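Below: the structure, in structure tokens.
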Amino acid sequence: MKIKTSVVAVAVAGVALALTGCGQAAEQAAEEAAEQAIEAQGGGDVEIDADGESFSVEGEDGSEFSVGSDELPDDFPAEVPIPEGGTVESSSSVQTDGKAGWFEDMREGFRFVTSRPKLLMLTFLAFAGTFLGMPIVTFLPVVAKSIFGLKANGYAWMMTTYGIGSVTGALLIAATAHAAKKGKMALELQLAFACLLIGFAFSRSLPLSLVIAFFAGICIVGVIALYSSLVQLTASDDMRGRVMSIFMLAFRGGMPLGNLLAGYVAQRWSITVALAVNGTVLASVALFFIARRTKLDE
């Protein structure tokens, strides 16, 4: 049963007023008003029952939400001891329609994503972007020290420039929120970021590296925002939360894994090799999807 939070709040407030001793007629009127409000918002048929000290909301699918009872819920863990002589002043419980809980919800989310090629591609592209691209941020202090011979102030300049670029990228994406072909724009930004990553790897000029860091910040934030928007627009209302959880798992998971691999390559060979290889692979991924004319907007 899907009930909007605001509607539930109205229902709770209405029933709470009914419990203040206004009489049976007032209680009945509050219950009916709350039921109608929930059903009008697409919550399906619901039954609200208030007995003067507690109330419950039951949906047509068997789910139930109750508050105010002076007894422990049926599903209260038996392993949790109750202090001897203790009394229950109030309790609340939520009963679902029999699903296995969060694990089953996540399984449904994975099935939903794997059954839709567009969501799979967006999730993969987000993972590739962070796995191959985010080491540029991790390596900034090392680049400042080992390549340009700078200390903390050099790293500060690089990070500040990258941050300003990131903010600029967010503002540009917000300004083009209604633009068509967001998928094509995201792929082009990802390709541009890959080229900037290669340029940053071979740059030995501090001003040039700062300029590259600025534009890299614009590109990476643009890519993240566009892919995230496309995922949310593709997912249905009832699956959007689970789909975004999977997307963020891939997006966030790419960062430490990519840093681990890039760190090994940098230690084994050099930072230049690590960033150049990552940029080349990321450019290849973006070019592959662009060459196939992948339509991420449909």
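Being part of a loop (DSSP other than H, G, I, E, B), within 23 Å of the chain's Cα centre (by Cα) and surrounded by fewer than 22 Cβ atoms within 10 Å (Cβ to Cβ) is the requirement here; does Ala174 meet it? Criteria not met by Ala174. Only a single item in (1) in a helix (DSSP H, G or I); (2) surrounded by fewer than 16 Cβ atoms within 10 Å (Cβ to Cβ); (3) within 22 Å of the chain's Cα centre (by Cα) is not met by Val273, and it is number (3). When the test is whether a residue is at pLDDT 90 or above and either within 24 Å of Val277 (Cα to Cα) or not acidic (Asp, Glu) (or both), Ile136 passes it.
Evaluate the following for Ser209: is it outside any helix (DSSP H, G or I) and either in contact with a Ser or Thr (Cβ under 7 Å, 6 or more places away or on another chain) or small (Gly, Ala, Ser) (or both)?
No; evaluated as a whole, the condition is false for this residue.
I'd like to know if region 233-244 contains one or more residues that are in a helix (DSSP H, G or I) and under 24 Å from Gly163 (Cβ atoms). For region 233-244, residues in a helix (DSSP H, G or I) and under 24 Å from Gly163 (Cβ atoms): absent.
The values are calculated or read from the model by the stated rules, or taken from the named source; none is laboratory data. No experiment lies behind these values; they were computed from the predicted model shown. Cβ coordinates were reconstructed from backbone atoms using ideal geometry, including for glycine residues, and neighbour counts include every protein chain displayed.
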